[in-house]
Structures are given as structure tokens and as C-alpha cells.
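Worksheet for the structure shown next.
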Amino acid sequence: MSPAARRHFAIAILLCAAAFAAAMAGEEAPAAGPSLKEILEKLPFGLHGFVETRAGTRVQRNRYISETASMAEARLQLEASKTFEIGDYRPEARVKADFFYDGIEKHAFADLREANIVFSPFEFLDLKLGRQVLTWGTGDLLFINDLFPKDWESFLIGRDDEYLKAPSDAVKLSFFADAVNVDVVYTPRFRSDKYVDGSRLSYWSDALGSLAGEKAVVRDTEPDRWLRDDELALRLYRNLSGYEIALYGYHGFWRAPAGMDPLTGKATFPRLSVYGGSVRGPVGKGIGNLEVGYYDSRDDRGGANPLVRNSEARFLAGYEQEVARDLTAGVQYYLEWMMDYGDYRRTLPPGVRPRDEVRHVVTTRITKLLMNQNLRLSLFVFYSPSDSDAYVRPKVHYKIDDHWSVEAGANFFLGARDHTFFGQFEENSNVYGALRFSF
Amino acid sequence: MRAWTALGIVLAGLTASAGEDNPTVEQIVEKANLAAYYQGDDGRANVHMVITDSQGRTRERQFVILRRDVKDGADQKFYVYFEEPADVRKMAYLVWKHVDKDDDRWLYLPALDLVKRIAASDKRTSFAGSNFFYEDVSGRGLAEDTHELVETTAEHYVLNNKPKDPKNVEFASYKVWIDKKTFLPKKAEYADAEGKVYRVVEALEVQEIQGFPTVVKSRVQDLKSGGNTVSTFADVKYDLGLPDDVFSERYLRRAPRKYLR
């Protein structure tokens, strides 16, 4: 797209916002003709979405990224869905796409988030085919057995929570039986996380032994052969009088770089299998959850290959309770335990900062609703006592009316050292605000 | 002569029904509970809420509610599918109501494909940002209050109710007007420790649907804030034969269209 076309695109999105707002405002003036709502209801399919502008800025100078702004975008999301009146279990098709102008990358994007069809060929089977967002597991912003693609960049710069989840092009089969339900997700081609690569957020580079940014963007080589670099995810679950019990399996690749190709120096996504389980249910006055997983790093089972991440065991325990009216508090404890740590240390290339054998993380979430639940204050904190670093996410969300909402928040990273998980992002700390019109 | 006989029968009928119309307080609250929350074995309704704040600004909610009784007068399951406003559209909310322990609640967020467990244990918090409480929607446990019949009028039994555990609720007492014929609660007034009424819940319109007297329009007034919410119930149906598995994770993730329209 030429700069002029991009500018037109951005202006078009903003005009859409204004037009929708005017149409909705017109609803109260009966003489204004059919309202937007009436027009939308006349369509042969349901059409919904939102228009949003969102902007953010770093709160300190970043030595590795020249842009001060962390986000500046105008976005239109459209979602069309249609239920076909065929049989008892009606097939449903859905398409959801985002069109946005990203003022940081100075580029307009069209992002197809969902394009799928759901139907039930048999009463005990649901099939969902196509591009879809997938989530399972019990953690709150901590994922052990949910290995579906994530967009960490969106999360860290303060886009809506929705964008933490990247879609999968997959087939999901769900079998339902009294004894156990089974989900099978087959993805014919691997897709990596949108991880922090230095293009927009600075990061710690093991290769350079220092922080890095736009001058040292991670180059990777992604497994991308159809039907060969494929993924399989499995969940067996059932509800035992209010307690949700699940077993999980995954066969695919590390979702974020976990290795290096010594010939090209490119980051790699080595093969990975994960086996795990979880339970969630009422504990005392609240909800408790436990989740475990074993990460079998199949390209380095012995742990002596310094170019591939070792196997790991992961554990999570959480508890959430309503502590007062419209005030909810949750805590989680999470650990990652590296297997074959002796081999890792023995084969670690000189100059590379070693990771700890065990990484501990504690999180807290506090949510308070005010003004008839139209104002939501929330605070999420990740704190790692072993890494001595933290990530603090405060957020304020206010629903002005049934269409308009405003949001402000921040992503603060703190750390004693440059190479730790959250500490490496310190210079990316940012604040942001957003205005959205939903229809 | 025939007229006198007829009158005699009518009078006898009246006397007989008056005899039956002297139920105990326990019978009244039990019947009222069944009439208000357990009609049929299951049911559905399209609910429209208009929430008006003290300055006259309105917000609207549109959702479908499905209910299935596990046991009459006891455990129930609810499924709520939100249609409006846009920011909650397609969210689904599942409640397994328990009489002897905290309810199980789940919320499905479609944009993230996330089934979230809700830790909320307080039932006297706003339902979907309206002036209705969760308890107004799903019922309040009969054992949680003491009930006293304070008055019997031509149309109503008037009961005064006091919480056994006042720390858990915002009211000191509430008075309920129960229709003598249908046993539907027609009005409830909640009073604070000073005896001042600050919250009124009323049935504004009742219709008979499939033989069940049904509140099709109700209102909550918050006299302290000056706000109110009016709910209207459309397409009410009973005894649909809702399968138990509609109230499960499967249909949280995939709305049970067949029962939603």
C-alpha cells in the first residue's frame, strides 16, 4: 500500500467510526430514517463489531527502539455469522476480521481472526473447521496445557485481551459421552507465537549477551510444511459434581524460539510433546485449580544439547474468591523446573547467562466493579522471587453507555537484572488508552 | 328456589375455599417459591431489561434464559445467552444452583474461547449491571430467612421475612405480598435497620402461559440511588424437554440454537 492509500485507509476507518456513532445517535431521533440497528437486523446474516482507536507510549527511553510511542492504531472489527436451519443441530458459520491501520508499523492490515463452520454430524460429535481461536486449561494468564498460538506482542503493548490469543487453522473434533468428553485439535501446519523479536519491543539476546532491539531483530526458521510440520492437541475431560477434571496431550513444536540453528544462526522451534492434567472446582468459599504438565523437548531428551531447550516440568496452583461485594481476588503459584540441569550447565556456551533450574512465579489479580458494574478496576501482577522481576498490569475500563467504552491501562516491567523473563522488558514499560464503539 | 340453591352452592364453595385458604406460613413460602421459580420441569424466556439510572439515562440488556429443575423446590440449572449489548454479545453464563452449598457458575467468553469459572459467592450483587440481583433471578433459599405472616388481605398474604444471618445481606427485613390465588409474589419491599424501605421489586404484569401464572413484566426500584430496571419476558415456554447436557461446557462453547429461538 502506498503512503497515500494507507492514509485513506486510516481515514476510512475513522469515518466509519463517526458514521456508526451518528447512526446510533440518530436512533433517538425518529425522523432520521432507519437506524443502524434496523439496517443491521435486516441483513440476511448477523453483522456486529466495533470501531476502536488505541494509543500508548513508553514511560521511559528505550535504548534499542527509536519509536517513543508503543501503539497508535485505528481498528474496525466486523463479525458476520449465520445459523442454517438444517436439522436439530444447526450448522453455524462465522467470519470475523479486523481491519486496522498501525501507526507504529505505518502500515494497514487486514487480519482474519475467525472463518469457520461448526456442525454436528452425529449427536455425540461437534466439528469445527477452519480458522478459530482455541483455549483450554485452568491458569489465569499462565498457560501449561494450552499450547495454542498466542500474540505476546499485543498483550505486552496493551491491546485488548482478545488479541493475546492468535487463531489456529485447524479441525476440532469434540466427542461427548457420559464417561468422558474428548477434544481433538489437528492443525495441519505449525504456527508460532507472535513473540517479542526486537522489532517493536526490546528483549534480551543470549547470542549478543545484551539487550537488543530493532537493530538485532530475531531471525527465525519456522517449520511450515503442510501436513508434515503439523500439530495435534488432545483433551479428555469430565465434570464430577462441580469439579472439572482434564487430561491433556500435545504433539508439535515449541511455540516460541527454543533453539538455534548453528549454521544460519537463526532461532528454531524444536519438536515438543506435552503431557498434563488439571482439576478445578470449589474450595472453601472460592474456586481452586491445579495444573501440571511435562514438556518433553524431543530434540534434546538428554539435555546436553546447548542449541535446544531442555525438557521441563511445569506446575500451577491457583485460588480465586469474592472477598467483598463486587471485589474478587485471585492468587496463583507457578513453577518451571528444568530437567537435566547439570547437563545444561555443563554444555552452556561460555558467556551465556545461565537460567535457574527452577523459575518461580506468583501472580495476583484484583478486580473491583463499581457504578452498577460499568466501571471495572483491575490489577494483575506477575512476580518472580527467583528472577527478582515483576510485571504489573493495572487497567481501568468504563462503559459510557451500551455502545461506547473507554479504557486506560499500563504494562510496567521491573527487574534487578537485564536477562530475566520480565526484567528484559523494563525499557518497554508503557501506558495506553482506548476508545471503542461497539455495535 | 333454584336461585337460592345456586347461591347456597356458591356460598358453600366460598367457605370451603376459605378453609383451604388458611395455609401455614411454611406452606405459603413453599408454594410461592414453587410458583415463582419452579413452574413446569423446565422453561425458557427472552428477557429484555431496561436499566434507568437516577438521571434518566438508560441501558438495555437482551438475553435468553433456559432453566431446568433438578428437583422441585431444590437444585436447578440455568443457562443465559446474552444478545445485547454488543460488548457481551454471545457470552454464555451457566449456573448450577444448589440449595445446600454455593452455586457453581461459569462464564464463556467467545472472543477468547475461554470457559471461566466464576468465584462469586455473593448472590446479592447486580445481575448483568441491572438493579436485579442474582437472587431475584434464581431465587433465595427459603431456609435463609425466618418468615412471619403479618397480614391477610382480600388478595394477598403479607409476609415479613428476616435473615438468619444478617451479616451476609444488605437488608434487615423484607415484606412480601403473595397472591392468594396464584401464590406468585407480587411485591417485595426491602427495609434497612431503621425500617426504611430502600428497594422494591414488583410484578407489573402476569399472564397465564400453558396453565402456569407467569410474571411477564417486573420492576426493581432502588429508592436510594433513584435507579430502576424493568424486565419483560417474551416467548415464555414451559416443559420443552430441555436435555440436561444443554447445561454443560459443550453448550457454553457452542450455543444450543435449537432452544434459543
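The values are calculated or read from the model by the stated rules, or taken from the named source; none is laboratory data. Because the structure is predicted, anything quoted here is derived from the model rather than measured. Because the Cβ atoms are built from the backbone with ideal geometry, glycine has one as well, and the counts that use them run over all protein chains shown.
Looking only at the stretch A:278-310, which residues are of a type in the set (Ser, Thr, Tyr), within 17 Å of A:Val358 (Cα to Cα) and buried (at least 21 other Cβ atoms within 10 Å of the Cβ)?
A:Tyr295, A:Ser297
Which one of the conditions (1) part of a loop (DSSP other than H, G, I, E, B); (2) modelled with pLDDT under 95 does B:Tyr259 fail to meet, given that it meets all the rest?
Checking B:Tyr259 against (1) part of a loop (DSSP other than H, G, I, E, B); (2) modelled with pLDDT under 95, the one that fails is (1).
State whether one or more residues within the stretch A:287-307 are among the β-branched types (Val, Ile, Thr), farther than 23 Å from A:Pro149 by Cα and within 14 Å of chain B (Cβ to nearest Cβ).
There is at least one residue in the stretch A:287-307 that is among the β-branched types (Val, Ile, Thr), farther than 23 Å from A:Pro149 by Cα and within 14 Å of chain B (Cβ to nearest Cβ).
Scan the stretch A:186-222 for residues that are farther than 24 Å from A:Tyr64 by Cβ and either among the hydroxyl-bearing types (Ser, Thr, Tyr) or touching a Leu at 6+ places or on another chain (Cβ under 6 Å) (or both) and jot them down.
A:Tyr186, A:Thr187, A:Pro188
Select from the stretch B:35-61 the residues that are of a type in the set (Asp, Glu) and within 14 Å of another protein chain (Cβ to nearest Cβ) and write down the one among them that is nearest to A:Asp401 (Cα to Cα).
Among them, the one singled out is B:Glu60.
Determine whether the stretch A:82-92 contains at least one residue that is under 30 Å from A:Gly158 (Cα atoms) and modelled with pLDDT under 95.
no
Considering (1) within 12 Å of chain A (Cβ to nearest Cβ); (2) closer than 28 Å to A:Lys37 by Cβ, say which one B:Tyr81 fails and leave the rest.
(1)
Given the criteria within 14 Å of another protein chain (Cβ to nearest Cβ), farther than 22 Å from A:Arg376 by Cβ, touching a strand residue (DSSP E or B) at 6+ places or on another chain (Cβ under 7 Å) and touching a residue at least 12 places away in the same chain (Cβ under 8 Å), does B:Val169 qualify?
Yes; evaluated as a whole, the condition is true for this residue.
From the list A:Arg301, A:Arg314, A:Arg255, exactly one residue is closer than 15 Å to A:Leu142 by Cβ and outside any strand (DSSP E or B). Which is it?
A:Arg255
Just need a number here: residues in the stretch B:114-154 that are part of a loop (DSSP other than H, G, I, E, B) and either within 10 Å of chain A (Cβ to nearest Cβ) or touching a residue at least 40 places away in the same chain (Cβ under 8 Å) (or both).
The total comes to 15.
Select from the stretch A:104-138 the residues that are aliphatic (A, V, I, L, M) and within 11 Å of chain B (Cβ to nearest Cβ) and list them in ascending order.
If the condition is that a residue be aliphatic (A, V, I, L, M) and within 11 Å of chain B (Cβ to nearest Cβ), then A:Val118, A:Leu125, A:Leu127, A:Val133, A:Leu134 are the ones that fit.
Residues to consider are A:Glu114, A:Glu79; find the one that is within 22 Å of B:Glu249 (Cα to Cα) and assigned to a strand (DSSP E or B).
Matching residue, one of A:Glu114, A:Glu79: A:Glu114.
Counting just the residues of the stretch A:141-180 that are over 16 Å from the mean Cα position of the chain (by Cα) and closer than 30 Å to A:Phe380 by Cβ, which one comes out surrounded by the most Cβ atoms within 10 Å (Cβ to Cβ)?
Looking at the filtered set, the residue picked out is A:Ala170.
Counting only residues that are of a type in the set (S, T, N, Q), under 24 Å from B:Lys116 (Cα atoms) and more than 10 Å from chain B (Cβ to nearest Cβ), how many does the stretch A:318-356 have?
Qualifying residue count, the stretch A:318-356: 1.
Does B:Val236 meet the test of being surrounded by 16 or more Cβ atoms within 10 Å (Cβ to Cβ), among the hydrophobic types (A, V, I, L, M, F, W, C) and in contact with a helix residue (DSSP H, G or I) (Cβ under 7 Å, 6 or more places away or on another chain)?
No.
Under the condition of being modelled with pLDDT under 95 and acidic (Asp, Glu), which residue from the stretch A:165-218 is nearest to A:Phe155 (Cα to Cα)?
A:Asp206
Just to verify a result, which residue in the stretch A:259-283, among those that are of a type in the set (S, T, N, Q) and in contact (Cβ under 8 Å) with a residue 40 or more places away in the chain, is farthest from B:Asp102 (Cα to Cα)?
Per the stated criteria, the residue is A:Thr264.
When the residues of the stretch A:204-260 are narrowed to those that are of a type in the set (Phe, Trp, Tyr) and buried (at least 16 other Cβ atoms within 10 Å of the Cβ), which ends up nearest to the other protein chains (Cβ to nearest Cβ)?
Selected residue: A:Tyr237.
Within the stretch A:357-368, identify whether any single residue is more than 14 Å from every other protein chain (Cβ to nearest Cβ), in a strand (DSSP E or B), crowded, with 18+ Cβ neighbours inside 10 Å and of a type in the set (Lys, Arg), and answer yes or no.
Yes, there is a match, as at least one residue in the stretch A:357-368 is more than 14 Å from every other protein chain (Cβ to nearest Cβ), in a strand (DSSP E or B), crowded, with 18+ Cβ neighbours inside 10 Å and of a type in the set (Lys, Arg).
What residue, of A:Arg280, A:Arg271, is closer than 22 Å to A:Tyr341 by Cβ and basic (Lys, Arg)?
A:Arg271
Mind listing whichever residues of the stretch B:84-113 are in contact (Cβ under 8 Å) with a residue 24 or more places away in the chain, surrounded by fewer than 18 Cβ atoms within 10 Å (Cβ to Cβ), at the interface with another protein chain (Cβ under 8 Å from one of its Cβ atoms) and not in a strand (DSSP E or B)?
Passing the criteria: none in range.
Surrounded by fewer than 19 Cβ atoms within 10 Å (Cβ to Cβ), out of contact with any helix residue (DSSP H, G or I) (no Cβ under 8 Å at 6 or more places or on another chain), closer than 28 Å to B:Arg59 by Cα and of a type in the set (Ser, Thr, Tyr), is that true of B:Thr214?
So B:Thr214 fails the test.
Could you check the stretch A:233-249 and list, in sequence order, the residues that are under 16 Å from A:Leu290 (Cβ atoms), part of a strand (DSSP E or B) and small (Gly, Ala, Ser)?
The answer is A:Ala246, and nothing else.
Can you tell me which residues in the stretch A:380-419 are free of Cβ contacts under 8 Å to residues at least 60 places away in the same chain, buried (at least 19 other Cβ atoms within 10 Å of the Cβ) and not in a strand (DSSP E or B)?
A:Asp387, A:Asp402
Taking the stretch A:267-282 only, how many residues are within 12 Å of chain B (Cβ to nearest Cβ) and either touching a strand residue (DSSP E or B) at 6+ places or on another chain (Cβ under 6 Å) or of a type in the set (Gly, Ala, Ser) (or both)?
4
Within the stretch B:38-60, which residues are closer than 27 Å to B:Leu240 by Cα and among the charged types (D, E, K, R)?
B:Asp41, B:Asp42, B:Arg44
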